[in-house]
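Here the structure comes first, spelled out in structure tokens, and everything after it is commentary.
The values are calculated or read from the model by the stated rules, or taken from the named source; none is laboratory data. Because the structure is a prediction, the values reported are computed rather than measured. Neighbour counts are summed over all protein chains in view; Cβ atoms, including those assigned to glycine, are modelled from backbone coordinates with ideal geometry. Accessible surface areas use protein heavy atoms only, side chains included; no ligands, DNA or RNA. Shrake-Rupley method; radii C 1.70, N 1.55, O 1.52, S 1.80 Å.
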Amino acid sequence: MNDATAAERQWTFLTNHARVLVQIARDPGIRVRDIATRCLLTERAVQRIITDLEQAGYLSHERRGRTNHYSVLAGKQLRHPADAGPTVAELLATLLRTPGDGQHHPAPAVPEPAGPRSPDQVDGQQGDGLSQGRPTGADRLDGAVSGAQ
């Protein structure tokens, strides 16, 4: 492989599916537009990812007025055989923790063209929303997620 080809190749540690799931865990009422902006994806790509996550049983949603409210199924095992063991809740607890203080911090505010909703608002909840150990399949994360000790 030549140097030009190697320099052009880019990769990241997280998939777009993981990035979308993290945004939904931070704010279960988040709009597709805001997820797309934060994840640097198109709205259409985010919609496909949400569909994938719902079909695989990692996410569900309910309609509340004109918006969707998402729930992450916390007890679901990670998908890849090499990742067997941890649950979605444990992954999210790690990804949403700030290394210095171990606390959950919402995503930075994203400027919006219009609308009264603050994109980093987390339904007024504090705390972790995760239980110690392995949650059951019935456990759901409704946005307030932080590190499990």
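Quick rundown of the values:
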{"read-out": "In sequence order, calculated HN-Hα J values of the range 49-59 (Karplus, 6.51, -1.76, 1.60; Hz; x Gly/Pro)", "value": "5, 4, 4, 4, 5, 5, 5, 7, x, 8, 8"}
{"read-out": "Phi to ³J(HN,Hα) by Karplus 6.51 cos²θ - 1.76 cosθ + 1.60 over the range 37-45, Hz, x for Gly, Pro", "value": "5, 5, 8, 6, 10, 7, 4, 4, 4"}
{"read-out": "Selection from Cys39, Gly65, Pro81 lying farthest towards where the dipole of the range 5-90 points positive, charges on Cβ", "value": "Gly65"}
{"read-out": "Stretchable slack from Arg63 to Ala84, in nm (0.36 nm times residue separation minus alpha-carbon distance)", "value": "4.3 nm"}
{"read-out": "J(HN,Hα) series, the range 12-23, from Karplus relation 6.51 cos²θ - 1.76 cosθ + 1.60, nearest Hz, glycine and proline x", "value": "9, 7, 10, 7, 5, 4, 5, 4, 5, 4, 4, 4"}
{"read-out": "Protein accessible area in the range 1-90, 1.4 Å probe - carbon and sulfur %", "value": "50 percent"}
